[in-house]
1. For the residues Asp70, Asp24, what sequence is obtained by ranking on other C-beta atoms within 10 Å, fewest first?
2. Quick check on the chain: helices-only [θ] at 222 nm, where DSSP H runs of length 4 and up contribute -39,500 (n - 2.57) each and the sum goes over total residues. Nearest 500, please.
3. For helix 2-20, what angle does its Cα long axis make with the longest principal axis of the chain, in degrees from 0 to 90 and rounded to 10?
4. Taking the Cα atoms only, what angle lies between the long axis of helix 44-56 and the longest principal axis of the chain, rounded to 10 degrees?
5. Treating the Cα atoms of the range 2-62 as identical point scatterers in vacuum, please give the log10 of the normalised Debye intensity I(q)/I(0) at q = 0.16 Å⁻¹, two decimals.
6. For a quick check, take a GNM of the chain with Cα springs below 10 Å and name the residue from Ile37, Ile12, Ile54 with the largest mean-square fluctuation.
7. Treating the angle as unsigned and between 0 and 90°, give the value, to the nearest 10°, between the Cα long axis of helix 29-41 and the longest Cα principal axis of the chain.
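FYI, it's all coordinate maths here, none of it is from the lab. Nothing here was measured: the structure is a model prediction, and the numbers come from that model. Cβ coordinates were reconstructed from backbone atoms using ideal geometry, including for glycine residues, and neighbour counts include every protein chain displayed.
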Amino acid sequence: MFIIIFTAGYLIGRIGDYYAGHWDFFHHWIYGVILLIPGIFLHEYFLWFGIGLIISDLKDMVELKIFGPDEKEIKRFWGID
């Protein structure tokens, strides 16, 4: 079951990045980190969903991009941004 939750988090993160990456708002890896906290203490579904969000925006997390739009580039849906 956790692989379905993880994949859903990844897909939602990729869809959000693909369609809303040009918005001047928080990067979605931050929401993944926030979801890790209830995932550790409450239920593992939050944990796997948060990990999926983090992996879908891993490049921005490594570069510590917190706020702002992504740079203009050709985006691949199945990838790590």
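1. Values: Asp70 18, Asp24 7.
Taking fewest neighbouring Cβ atoms as first place, the list is Asp24, Asp70.
2. So the helix-based figure for the chain works out to -19500 deg cm²/dmol.
3. Approximately 20 degrees, to the nearest 10.
4. Once rounded, one gets 20 degrees.
5. -0.43
6. So, out of Ile37, Ile12, Ile54, the one fluctuating most is Ile37.
7. 10 degrees
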